[in-house]
Every structure is written in structure tokens, then in C-alpha cells.
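See below for the structure under consideration.
The values are calculated or read from the model by the stated rules, or taken from the named source; none is laboratory data. The structure displayed is predicted, hence computed values, not measured ones. Methodologically, a virtual Cβ is constructed for each residue, glycine included, from the backbone with ideal geometry; neighbour enumeration extends over all protein chains shown. Areas reflect the complete protein model, heavy atoms only, side chains present, ligands, DNA and RNA absent. Shrake-Rupley method; radii C 1.70, N 1.55, O 1.52, S 1.80 Å.
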Amino acid sequence: MTSSARLLTLLVLLLASLPGRAAPSPAVKPLTVYFFDVGQGDAALIVSPTGKTVLIDGGPPEAREHLARRLRQLVKEPLDLVILTHPHLDHLGGMAHALKAVGARRFMDPGFDHPSDAYRDLLDVVGGSVGQVMNPEPNPQAPQTLLTIGLGEGTSLTVLWPRVPQEPFLDDTRSDPNSNSIITKLTYGKTAFLFTGDAEPDTEALLLQKRIDFSATVLKVAHHGGRYSSTAAFLAAVKPKAAVISCGAGNDYGHPTAEALQRLDASGARVFRTDQDGEVVAVSDGNTVTLRSAKGRAAPLLVPGGVKPGPVALGPILPSTRRARGGSRNKEPEPGARGAATVASRSTVESAPALSRDEEGAGPFVSLKGSKVFHREDCATLKRSKSERAVYSSRAAALRERRPAEDCHP
């Protein structure tokens, strides 16, 4: 060994022996939320610290190519979960195209019946391509709890509304589909995001009756900044540091309205708008959230989390004093109407074990054309699909060619 080599070795050993020189801690993995610019509609992608992906809404039909392109750029495997907050075209119009572009393992919607061709067409695509269909149903064994989906590294997505069949859908509101939007809270460390779909004042009033911590670092503003939602009382409970409004430039609805913007300003939230800022990206390290806009109209915003770590629900959920009126238009689903009711009560996305069943169980069992799974005859996926199907007289016969579907556990 040369003298220079011996000197270098000695220096390395000396540095290693110095006190207080600990190895650097690994970098914190970020949570990233993309609020896509899809015009007059909603679409957001969650990418968890472990790479789990959740798409919330799919924008309007005219944005489907843009949404599919962005998803292909950001997602390399099928989406872990797709959530349709409610069956309106500005939230579902690009979703089928997105599913065909990148695929999805699970699909969740409120289970709220809506007589639109676009919704039925989407459900046909879901039935033929997505392995598991879910409703946001709480665990039947613990009906006062909230459905929480684990996304790894302490990240969780909790569904705050709806809670059918524990509580009925809101009825006779200004817009029943809007009022029964899926509302979720995403938490990571001391930061949180609240996604509100097109929730109405009725929804906000009902939620405020419950013992839930609504505080959120970032609020996805309801109904594109419409005049009725984002009430002062609800904003006071959320206490957002930043708010994102997804809306189209020069839209026919006047969104966002002056009334909503005034309430958001009074809450102290910094407002980002996709019509002016383009796509908005929020990155959380568990303590702070940094928001940047694609068009750079606004400087990057670094906001502290300030949300208490821990469960979203701070106590038992109180039974709602608001009951569905009339009950004729939006009845509670009958048992078995949606095949994934038992799956939806699982605590995490990662764990959804199939129920055991006799290998020689009596049929019939049914598989859709081109599908690798088979279903129970009464599965909701089959009821929504118009595809050709194969019928098996026994479970053993079906297992020879297919695997059991995760939505109905045949």
C-alpha cells in the first residue's frame, strides 16, 4: 500500500471514530396531491409516501384526453382506488377514459342511483375492468365508526359522508346527488386535506352535528366555488390554510362566486384556482404543505400543518337529527344491491381477504366476457354490465378457468 493510500485509510478511520457523527436520517417520503386543470369539473390524484394512488373524480368529457395523459405520466401501475364523489358529468366524464388508460384495482361511489346514460356507461366500464367495487359503508360490527383506508407510512383516507345504511341519503335538498357526495379527509402527520365533492349546505350542516375533527391544511372547495357551499360555519370548523377551487375559465355558472370567495378570504385561506393557476400541486412532508401552480401566477406557498395527529373521529359519531324526507326517490340499498358491502367495511385497502367458501359450492357463478374473475349470480357488478357472460354450475367449475371476484367473494 502506498503512503498516500495509508494516509487516506487513516483519515477515514479517524473521521468514523469522532464522537457525535451519526449517519444522516433518511429523507421523509412526501405525500403529493395533484389538483388537475380539467376545466369546469373536478379531478385530483393522491400519491401516498408508499406510492399508493387514489383518483378522486374524473373531470368533464372534454378533459378526458388531458386527464388520461397526465395519469399516464404520473402512474405506472393501475390506480389503487378510484372514487367518484357523485354521478354528475363534470365529475365522471373523463373517468372511463382514465380507467382504460391506466387501469384501477378498486372503485368507490356513493351508491346513489342516478338515471343518466353517462353514469350507466361508466358503471359498465367499471364492471368489466375493475376488480373490486365498494360503497363507503361503515363496518356493520361497529356502525358508529368511519370507514378509513390506509395508504401506508401513516397516511389514511377517511370517508366522512355518506354513511348508508347507518344513515339514509339526504333527500329533498337543492341537489340530492351533490348533497350525497363522498367527502373524505386525507391525513399525513400534522397535515390534512379535505375533499368535499359538490357538497351542499345541507351536507355541511349535517356533518357539523358530528364529533369529527374537520381541520385541514388544504381544502378542496365544494362545487367549484358555488355560492351555496363553503358556509362560514363549515369553514370555521375546517380552518384551511389553503383552498383549491377547480373550475373552468369563463364558465357559464360564474364559478367561483363572489360570495364564496369572500367567505374563503374571511377564513384566512390562500385561494388557488385552476382557471387562473392551472394545475395545482401540493406536497406534504407530514409537517408542512408546499403548494405550487403550473402557470406560476402565484408564488409557491409553504403552510404549516397544525392538524393534530391521530384519528379523524374524536369520539363516537352521533346519530343525525336530519333524516331523509319523503323517502320515495332515494331509498336505502336493499341487502345485496351492491356486491361489495362487506368489502367496504374493511379497515384498509391493503387487507381485503376473500371469504372462505366450499370449493364445491352450488352455482350458478357468472363471469363476464374477457374477465379473469367470476361472480355470484346476484353480484351488483353483473347487474350493471351488459357484456356477454359465461355461466358455471359450481364453484369448482368456475375455479378451473377463473379466480373469485373481490367484490362479492363467490
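Of the numbered criteria (1) modelled with pLDDT of 95 or more; (2) at positive phi; (3) open to solvent by 10 Å² or more (accessible area, probe 1.4 Å), the one residue 111 fails is (1). Scanning region 35-85 for residues that are part of a loop (DSSP other than H, G, I, E, B) and among the aliphatic types (A, V, I, L, M) yields a total of 4. If you go through region 286-303 and pick out every residue that is open to solvent by 80 Å² or more (accessible area, probe 1.4 Å), modelled with pLDDT of 75 or more and either touching a Pro at 6+ places or on another chain (Cβ under 6 Å) or under 14 Å from residue 241 (Cβ atoms) (or both), you end up with 3.
Among the conditions (1) outside any strand (DSSP E or B); (2) open to solvent by less than 30 Å² (accessible area, probe 1.4 Å), the only one that residue 150 does not satisfy is (1).
For region 222-236, the tally of residues that are over 12 Å from residue 262 (Cα atoms) and surrounded by fewer than 18 Cβ atoms within 10 Å (Cβ to Cβ) stands at 2.
Per the conditions (1) under 18 Å from residue 173 (Cα atoms); (2) open to solvent by less than 30 Å² (accessible area, probe 1.4 Å), the sole criterion not satisfied by residue 192 is (1). Residue pairs whose Cβ atoms lie under 8 Å apart, sitting 6 or more positions apart in sequence or on different chains, and linking a residue in region 95-122 that is farther than 14 Å from residue 85 by Cα and in contact (Cβ under 8 Å) with a residue 40 or more places away in the chain to a partner that is open to solvent by 40 Å² or more (accessible area, probe 1.4 Å) and small (Gly, Ala, Ser), are 104/129. For region 253-263, state whether one or more residues are among the charged types (D, E, K, R), surrounded by fewer than 18 Cβ atoms within 10 Å (Cβ to Cβ) and in a strand (DSSP E or B). Looking through region 253-263, none of the residues is among the charged types (D, E, K, R), surrounded by fewer than 18 Cβ atoms within 10 Å (Cβ to Cβ) and in a strand (DSSP E or B). Figure legend. Inter-residue proximity from region 262-276: first residues farther than 11 Å from residue 232 by Cβ, second residues assigned to a helix (DSSP H, G or I) and open to solvent by less than 30 Å² (accessible area, probe 1.4 Å), beta-carbon distance below 6 Å, spacing 6+ or different chains. Indicated pairs: 271/264.
If the condition is being under 17 Å from the mean Cα position of the chain (by Cα) and under 15 Å from residue 196 (Cβ atoms), then region 157-176 contributes 157, 158, 159, 160, 161, 162. Restricting attention to region 195-221, and to residues there that are polar (S, T, N, Q) and open to solvent by 10 Å² or more (accessible area, probe 1.4 Å), which single residue is nearest to the chain's Cα centre (by Cα)? Among those that are polar (S, T, N, Q) and open to solvent by 10 Å² or more (accessible area, probe 1.4 Å), it is 215.
I'd like to know if region 83-100 contains one or more residues that are over 20 Å from residue 182 (Cβ atoms) and either out of contact with any strand residue (DSSP E or B) (no Cβ under 8 Å at 6 or more places or on another chain) or of a type in the set (Gly, Ala, Ser) (or both). Yes, the conditions are met somewhere in region 83-100.
Scanning region 86-103 turns up no residue that is part of a loop (DSSP other than H, G, I, E, B), under 29 Å from residue 287 (Cα atoms) and open to solvent by less than 10 Å² (accessible area, probe 1.4 Å). Residues in region 214-232 that are closer than 19 Å to residue 174 by Cα and of a type in the set (Gly, Ala, Ser): 222, 225, 226, 229, 230, 232.
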